[in-house]
Each structure stands twice: as structure tokens, then as C-alpha cells.
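Scroll down for the structure; my scribbles are underneath it.
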Amino acid sequence: MEQRAGLAVSFLVAVGFLASPVDADEVEAGCLALNAYHEARGQPVAGQLLTMLVVMNRVTDSRYPATPCEVIYEGPVVESWRGTMIPVRDMCQFSWWCDGRSDAVHDIAAYVHLYELSKAVLAGEVKDFSEGATHYHSLDTDPGWGFEPLGEIGDHIYYRQP
């Protein structure tokens, strides 16, 4: 977990945005920002914040792990041919993590923006306007959850797990 979480902020250290060593709060902010980067980078700010609030709502729900990084990277893993542990394809909580595509950040400005938002969320500076949302999906998919939708922002529909 530490290695995956550390990757979320390693390039910010490399470009001088963060000093090294990185503390635990910065790692959690990095995970939250990386998830929002892959899930909601092109969404309105409200949609970006909602993806972060979904993770935070899971953190406070006993059915899920206790930290943002653990929530984001939750799911089964297998050993790769290189001997590293990788997520089982299409079996994770957030599709970008196990879709088989690169998780690299290419738009540093967008990531830095999301990192700043994630720090505000973690510091409690963002009011939870999610109505307790614990799930979301894009408009072009139907995961068949059977949950009552809470609303739609950008190209995501948000839900609260009963």
C-alpha cells in the first residue's frame, strides 16, 4: 500500500512542489487527488469534490477501509510476472486503478489543482454536500447496483449505499 500511495505524490517531489520526505497526510492527499484526476479531471469542480467526498464517506463507513488510500486501492491483487502485486483487472473500487491502462499523470497542472482540493477536503474545509454518497458511475455505464440515485453532476451519477 505504501508504495502505491507514495507514487501518487512522487512526481510532485520531483518537480519541487513538495519537499521530501512526504508525510502521511500528503500521501493521503495524493491518493485522493490521483483518484479525482483519473475519475473526474474534466468535470466541474463540484464533480471533482464529489468524487473525493465519496471516498471520504467510505472512510467513515465501517464497511470500508479506514484511509483514503486504502479505500481507493481496495480490491484483489495478484502477483505479476515481474513479482510485483497488481490489481485484478476490473475487480477494484475505482475503474482507473484496474483497467490495465497507465496510471501516469500527464497534466501536472490539473493534478496540482486536485491535490490542493484534496488537502482542503482532508482538512475538513469542504462541507460535505454529497448527501452521504458512497458510489458513483459515469452516465454511459449501468453497474446495476439498485441504489436510489442522489443526483447527477457532470457525467457522473451519485448514490448512497443503504
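Each value in this text was obtained by applying a stated rule to the coordinates, not by laboratory testing. On a predicted model such as this, the values are computed, not experimentally measured, just so you know. We place every Cβ from the backbone using ideal geometry, glycine too, and count neighbours over all the protein chains shown.
Return the residues of the stretch 152-162 that are free of Cβ contacts under 8 Å to residues at least 40 places away in the same chain, farther than 14 Å from Asn57 by Cβ and surrounded by fewer than 17 Cβ atoms within 10 Å (Cβ to Cβ); say none if nothing qualifies. Listed by number, the list holds a single entry, Glu152. Per this entry, Asp142 is not counted among residues that are exposed (fewer than 14 other Cβ atoms within 10 Å of the Cβ), in contact (Cβ under 8 Å) with a residue 12 or more places away in the chain and either over 17 Å from the mean Cα position of the chain (by Cα) or within 25 Å of Gly42 (Cβ to Cβ) (or both).
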